[in-house]
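> Got a structure here, written out as structure tokens. Questions coming.
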Amino acid sequence: MAETIANPGTCTAGIVSQRFRRETSVKEMLKMRAQQLLFDWQCCGCWQRFAHVIELFIMDAFVDLFITLCIVLNTVFVMATCSSSRSVSSSTRSS
């Protein structure tokens, strides 16, 4: 009893440290529970295979290249179509 009265700072530091540990453990528990709810799903095998194939398709660099080439070719074809339709419309206006 005399030790507690002689050094009161130790007692409050101990209480604060216990409260901090309890809050940390609650935070860790909530964090672990959130991770279980959000990321630890057990899906059927066919869905996992489908997700894997889609991931391979999306992450492939050649798919990005293919999409870029499609956009460029589409732009070229649209420019060619617009320029030919403008020349046709301008020739019909002048006559």
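> Based on what the data block shows, is SER25 modelled with pLDDT under 90, hydroxyl-bearing (Ser, Thr, Tyr) and over 40 Å from the mean Cα position of the chain (by Cα)? Let's see the steps before the verdict.
Working: modelled with pLDDT under 90: yes; hydroxyl-bearing (Ser, Thr, Tyr): yes; over 40 Å from the mean Cα position of the chain (by Cα): no.
When the stated conditions are applied, SER25 does not pass them.
> Continuing with the same structure: Looking only at the range 75-85, decide whether some residue is surrounded by 10 or more Cβ atoms within 10 Å (Cβ to Cβ), within 32 Å of the chain's Cα centre (by Cα) and modelled with pLDDT of 90 or more.
Among the residues of the range 75-85, at least one is surrounded by 10 or more Cβ atoms within 10 Å (Cβ to Cβ), within 32 Å of the chain's Cα centre (by Cα) and modelled with pLDDT of 90 or more, which makes the answer yes.
> State whether the residues of the range 1-8 include one that is modelled with pLDDT of 90 or more, part of a helix (DSSP H, G or I) and of a type outside the set (A, V, I, L, M, F, W, C).
So far as the range 1-8 goes, no, none of its residues is modelled with pLDDT of 90 or more, part of a helix (DSSP H, G or I) and of a type outside the set (A, V, I, L, M, F, W, C).
> Cβ-Cβ distance below 8 Å, separation of 6 or more or different chains: which pairs start in the range 34-45 with a residue that is without any contact (Cβ under 8 Å) to a residue 40 or more places away in the chain and end on one that is loosely packed, with under 10 Cβ neighbours inside 10 Å?
Filtered contacts from the range 34-45: no entries.
> Could I ask something else about it? Which of the residues spanning the range 86-95 are of a type in the set (Ser, Thr, Tyr) and either modelled with pLDDT of 75 or more or part of a helix (DSSP H, G or I) (or both)? Break it down into steps so the answer makes sense when it comes.
First, pick out the residues of the range 86-95 that are of a type in the set (Ser, Thr, Tyr): 87, 89-92, 94-95.
Of everything in the range 86-95, those that are of a type in the set (Ser, Thr, Tyr) and either modelled with pLDDT of 75 or more or part of a helix (DSSP H, G or I) (or both) turn out to be SER87, SER89, SER90, SER91, THR92, SER94.
The values are calculated or read from the model by the stated rules, or taken from the named source; none is laboratory data. Everything quoted here is computed from the prediction, not taken from an experiment. Positions of Cβ are backbone-derived with ideal geometry, glycine not excepted, and every protein chain shown enters the neighbour counts.
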